[in-house]
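So the structure is just underneath, and the comments pick up after that.
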Amino acid sequence: MPQQGQPEPPERQGRSGTGEEPGNRAEGGRPAQPGRGAEPGHRAEDEPQAETGRQNEPGLRAEKGHPPEPGRQSESGHQAGKGRRAEAGRHTESGHQAGRGRGAEAGCGTEPDRRPESERQRGPARPRGSQQGPGHPGGSAPAPGPRPGPQDALTDVVGLRVGHAQRIGEGWLTGTTVVLAPDGGAVAAVDVRGGGPGTRETDALDPRNLVQRIDAVVLTGGSAFGLDSASGVAAWLEEQGRGFRVGPHSTQVVPVVPAAALFDLGRGGDWRARPDAALGRAAAEAAGRSRPGAPVARGNTGAGTGAVAGGLKGGTGTASLLLPSGFTVAALAVVNALGSVFDLSSGALYGQGYAPADHLGSGPSQGVGAGGRPGGGCGWVGVRPRLSHPPTPAVHAEAQRRLAEAQAESLRRSASSAQPPLNTTLVVVATDAVLTRAQAQKLAGTAHDGLARAVRPVHLLADGDTVFALATGERPLMPEGSDASAQPVSAGHPEIVALNEILAAGADAVARAVLDATLCAEGVDGPGGVFPSYRELYGPAD
């Protein structure tokens, strides 16, 4: 099980999965068990969907502040899936301990104001350490920090639903993940920084182009072959009457489904075992069956089923942040990086500083499921001591020895040469704010900072690192009735302040989603290789 020591955190997570289709083995909420085979025919299982306290209308509202795009058809009411109850009180905010400040000493005189004359004319100097910004009127009191959403998942952004489908066993170790936008679509953008991307319909997201909203985003294994899964998603959406209207009849729609693929070919032992249209359809159906606000499966599931990061088993992770301003920002990451998620000199996870504060102690967390997250499933509980105390040199040395042995064995079993594999980390970052396409593009770009915090190195030639940004338009950046043009443009402009808060949270959410994927991954020992998980190598602290 896992461990740690590094930057500085936001908060923790919870989720569970989605169901799957007939004909494919798709597990919603449970990460795939290493070595578990799927029956021929790949049966789909409906994963119980957890219901959060968040009320969402069936059919979901289209974005506030974004009038429906001409020609855009909406799906009428989705069928809700079965719900596994989310535990009440699951996320408790641990109070922040106030740090000791160096106060003015008794008997000391007032320090002279040494500021330039131009600054002295603006008024008294603020005390050192005071903050200014949203929630800090006058810069006198610190604002409350962001906290995780009800599921600490991408689905905390109102209107988004997530579905996974995967095939495991008999040469298979791959899958597809679908992020389904609300009815009426979502404003979207993309930023591709890896040197070897595999994508589909990303040019449609250019702010200069016609279509303003997308219907779904597909993340998939199978490299370029796996992009075929997006065809199955588009076919399913067409049946729902969702897409860009191109004719006089409601059935004449073209769904807009951008997609990106990661390289996992041969990880299950069969080079030709890769996602297809049927698997994509299964993931779309799973998303359609789920309820808005449901937990999201993580670990060895969906596009993360065959993911590997720096020799460790990668996977799917997710996280969310509720901001003091009221906006929600969340991310889902599929970690399949060429770089490492942990410091090779110490074993500490690069993203550990972004774990929630209440997961850094050694005692049990309040309101957390059996697996350490809402709904259980993967083990934050066992690794919490590791997140606050890095591994000992002896533990790290043993872990490195075992990892080297696993990599050597993987090369021996692999049908390919001893060259390092191609990779790619895929991300969806989302907010409930009303954003323009240009603002969404900025969010996609700054979200890459989260990858750089949790994976090192990143954006290499053998990576295809891609970030999609979605905005569902539930909350305007500016208060209703306010006139942005009436205020001078500056760093303190309300719209700029709000957008900056969202941009910063997007990067933090991505770093936490990468950490989540790493800690939720389960090791795999199969015909395609041996891929131990971080938790297996480093385990819980004594």
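The residue of the stretch 513-524 that is surrounded by the fewest Cβ atoms within 10 Å (Cβ to Cβ), among those that are of a type outside the set (Asp, Glu) and more than 17 Å from residue 445 (Cα to Cα), is 523. The condition of being among the basic types (Lys, Arg), modelled with pLDDT under 90 and assigned to a helix (DSSP H, G or I) holds for only one of 401, 386, that being 386. For the stretch 304-353, a residue qualifies if it is in contact with a Phe, Trp or Tyr (Cβ under 7 Å, 6 or more places away or on another chain), in a loop (DSSP other than H, G, I, E, B) and under 16 Å from residue 403 (Cα atoms), and the qualifying residues are 341, 343, 347, 348. Scan the stretch 161-191 for residues that are in contact with a Gly (Cβ under 9 Å, 6 or more places away or on another chain), among the hydrophobic types (A, V, I, L, M, F, W, C) and over 15 Å from residue 301 (Cβ atoms) and the total you get is 5.
Within the stretch 236-246, the set of residues being buried (at least 17 other Cβ atoms within 10 Å of the Cβ) and of a type in the set (A, V, I, L, M) comprises 237 only. With respect to being more than 29 Å from residue 206 (Cβ to Cβ), buried (at least 24 other Cβ atoms within 10 Å of the Cβ) and either in contact (Cβ under 8 Å) with a residue 12 or more places away in the chain or more than 23 Å from the chain's Cα centre (by Cα) (or both), residue 275 falls outside the description.
Candidates 425, 431: the one that is more than 30 Å from residue 527 (Cβ to Cβ), touching a Leu at 6+ places or on another chain (Cβ under 8 Å), modelled with pLDDT of 90 or more and surrounded by 22 or more Cβ atoms within 10 Å (Cβ to Cβ) is 431. Residues of the stretch 300-321 being over 28 Å from residue 235 (Cβ atoms) and either within 13 Å of the chain's Cα centre (by Cα) or crowded, with 24+ Cβ neighbours inside 10 Å (or both), which ones? Once the filter is applied, which keeps residues that are over 28 Å from residue 235 (Cβ atoms) and either within 13 Å of the chain's Cα centre (by Cα) or crowded, with 24+ Cβ neighbours inside 10 Å (or both), the stretch 300-321 yields 308, 309, 312, 313, 314, 317, 319, 320, 321.
The values are calculated or read from the model by the stated rules, or taken from the named source; none is laboratory data. All of these numbers come straight from a predicted model, not from anything done at the bench. Heads up, the Cβs are rebuilt from the backbone with ideal geometry, glycines too, and the neighbour counts pull from every protein chain shown.
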